[in-house]
Structures are given as C-alpha cells and as structure tokens.
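Notes to accompany the following structure.
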Amino acid sequence: MAQPGRQRNEATAGGRHIGPAAARKEPMAAIKTKPKAAAAPTAPAPACIDAVRTPQYWREACEHLARRDRVLKRLIPKYGDNCMQSRGDAFVTLARSIVGQQISVKAAQAVWDRFEALPRKLTPAAVLKLKVDDMRAAGLSARKVEYLVDLALHFDNGLLHVGDWPGMDDEAIVAELIAIRGIGRWTAEMFLMFHMLRPDVLPLDDVGLINSISLNYFSGEPVSRSDAREVSQAWRPWRSVATWYLWRSLDATPVAY
C-alpha cells in the first residue's frame, strides 16, 4: 500500500538500515490490487479463505487486537473480511519490490506489466536470459536491471535457503535478503509480512505506519520510533496485523506485493 511518504530508501547493496535518518536503500512503492473475488455461493466461506494464500490466524489476531487496543477496535470492523494475501512466489514478490522502488504506485504497475510480459513465464532463469535493452525499454532503470539480475542469480544459483525459510526466524531471513543488491531491511520486512505471512513484524522504518500512529494515537503530533514501539506493545504477537489495519486507515485499498 502506498501511503503518502511511506516508502523507505533501500538502494545500498547489502547495507543494513540503521534508522530513518540514515536510510540507505531505494524506497519500494507497493502495488495495489483489486479486492478479492467473492467466494463461490455453494456455502458460506470463512473470512480470508480463498484461492490466494491468507493468514489462518487473522480472526484470532483481530479479536486480540480489538480487546487490547481502542483504535484497532474501531478500525477493524471497517474493512470486513479483507486481510493480507500472499502471492505464493518468493521471486516474483521480491522482483515486484525492486520494480516499484522510488516511483509511484501507478508507474510501478505500468512498468511491472511491461516487464512481466517479456518472458513467457517470470522465473529467475527466464530473467537471466532477457536482453538488457528489452528490460530498459520496459521502463526499468539501469540500476534496477542490475538489481533484478542479482536477484535472479541468487535464486538460480541456490544462494538463498528458500526451502528452509519456513523454519527460520524473522531475523535470519532478513539477513539473507539484505545480501541481495537493492533489498534492505524495510523490503525484507514487507516480504516477511506479505510473502511469509509472519504475524509479528513491526516495520518501524515505514513512514506510513509512523504517520498512522501519529494520527490515530497522538492527534497528529510527531511520533518517534520509541513512541511507536511503546504503542505496539499491546499488539503483540500480532503486530503485522495491526500494521496492516493502520495502513488501511490512511488508504482503504488493500495492498499486495
């Protein structure tokens, strides 16, 4: 979801993000998707269960958050049964994150559509076979072409332990991802939330989250990372879910990566 000013700068290869004032990497514009199609009318479907992979914990998390937090008690009912969704493809999710860096949501979608159409199927091996001129013609900068090639190489050469990720903790996955050029901590945290569907991610470098906490909890007053962390204590162990609803309080369109 693209909130005003929400993107983080994540362009430094392999650099660890050390705080908003020292952001190093290119920002990533999230790519909006249309609301989910209604479930088949044969029987009532549980909330957030359809062809797209969605968190099984969502209802439990919402009940917990509504009990513990007055703001979320007000926000959660506004958005029905919508919830985070995973595309189920790690490479595509990360490639989208790179394509969307430093450009608007609309521009990111347009470039992605052209890039995705270049190979018959978007796989690491297929990206490595693409011509640089064709990728540039799709609207990608020279640096983003380099980032996408590096991403494809990491997948194609087995440098990422993708099969082990389900059993790895969040920080171990972040450490692997930020070794890829063009991917920093914020992008890695978005990956944890939207691909891995990890329930307790708190992206403190996300300006949209900080802005929403300011508006919803501090009457628009400036909010520090420490303030945000203190507010979030009531959300544990469902900070990803709380973050998702606070983003939606700024932009009602669901987001996917």
Checklist entry - Restricting segment 91-119 to residues that are out of contact with any strand residue (DSSP E or B) (no Cβ under 6 Å at 6 or more places or on another chain) and not in a helix (DSSP H, G or I), which is most open to solvent (accessible area, probe 1.4 Å)? => result Q102
Next on the checklist: List the residue pairs whose Cβ atoms are under 7 Å apart, where the first residue sits in segment 128-155 and is under 19 Å from S104 (Cα atoms) and without any contact (Cβ under 8 Å) to a residue 60 or more places away in the chain, the second is among the β-branched types (V, I, T) and open to solvent by 60 Å² or more (accessible area, probe 1.4 Å), and the two are 6 or more positions apart or on different chains.
Outcome noted: V145/V132
Item to check | Flag for A188 being assigned to a helix (DSSP H, G or I), out of contact with any Ser or Thr (no Cβ under 7 Å at 6 or more places or on another chain) and either closer than 26 Å to A95 by Cβ or among the hydroxyl-bearing types (S, T, Y) (or both) | outcome: yes
Next on the checklist: Quick check on my filter: what residues within segment 177-202 are at pLDDT 95 or above and among the charged types (D, E, K, R)?
Outcome noted: R198, D200
Item to check | Total residues in segment 166-185, condition part of a helix (DSSP H, G or I), open to solvent by less than 60 Å² (accessible area, probe 1.4 Å) and either without any contact (Cβ under 8 Å) to a residue 60 or more places away in the chain or in contact with a strand residue (DSSP E or B) (Cβ under 6 Å, 6 or more places away or on another chain) (or both) | outcome: 6
Checklist outcome for this item: Taking segment 122-144 and keeping only residues that are assigned to a loop (DSSP other than H, G, I, E, B) and farther than 24 Å from M190 by Cα, one is left with K129, L130, K131, A138
Next on the checklist: Looking at segment 53-80 only, could you name the residues that are buried (at least 16 other Cβ atoms within 10 Å of the Cβ) and under 20 Å from the mean Cα position of the chain (by Cα)?
Outcome noted: T54, P55, Y57, W58, A61, C62, I76
Item to check | Evaluation of L250 against (1) open to solvent by less than 40 Å² (accessible area, probe 1.4 Å); (2) at pLDDT below 95 (one fails), failing number | outcome: (1)
Item to check | Failed criterion for D205 (all others in (1) surrounded by fewer than 16 Cβ atoms within 10 Å (Cβ to Cβ); (2) in a loop (DSSP other than H, G, I, E, B); (3) at pLDDT below 95 hold) | outcome: (1)
Next on the checklist: Given the condition part of a loop (DSSP other than H, G, I, E, B) and under 30 Å from V127 (Cβ atoms), answer yes or no: does some residue in segment 228-249 qualify?
Outcome noted: no
Checklist entry - If you check E189 against the conditions, is it without any contact (Cβ under 8 Å) to a residue 60 or more places away in the chain, open to solvent by 40 Å² or more (accessible area, probe 1.4 Å) and within 22 Å of D69 (Cβ to Cβ)? => result no
Item to check | Subset of segment 211-235 [touching a residue at least 24 places away in the same chain (Cβ under 8 Å) and either crowded, with 19+ Cβ neighbours inside 10 Å or among the small types (G, A, S) (or both)] | outcome: N211, S212, I213, N216, A228, S232, A234, W235
Checklist entry - Among all residue pairs at least 6 apart or on different chains, which show Cβ distances below 7 Å where the first residue, located in segment 98-125, is farther than 13 Å from G139 by Cα and the second is open to solvent by 70 Å² or more (accessible area, probe 1.4 Å) and assigned to a helix (DSSP H, G or I)? => result L122/E116; P124/D156; A125/D156
Checklist outcome for this item: Here the residues within segment 127-151 that are under 18 Å from Q101 (Cα atoms), open to solvent by 40 Å² or more (accessible area, probe 1.4 Å) and not acidic (D, E) are R136, A137, G139, S141, A142, R143, V149
Item to check | Those residues of segment 77-86 which are closer than 14 Å to P55 by Cβ and either part of a loop (DSSP other than H, G, I, E, B) or hydrophobic (A, V, I, L, M, F, W, C) (or both), in sequence order | outcome: D81, N82, C83, M84, Q85
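The values are calculated or read from the model by the stated rules, or taken from the named source; none is laboratory data. The structure displayed is predicted, hence computed values, not measured ones. As a convention, Cβ positions derive from the backbone with ideal geometry for all residues, glycine included, and neighbour counts pool all protein chains shown. Accessible surface areas use protein heavy atoms only, side chains included; no ligands, DNA or RNA. Shrake-Rupley method; radii C 1.70, N 1.55, O 1.52, S 1.80 Å.
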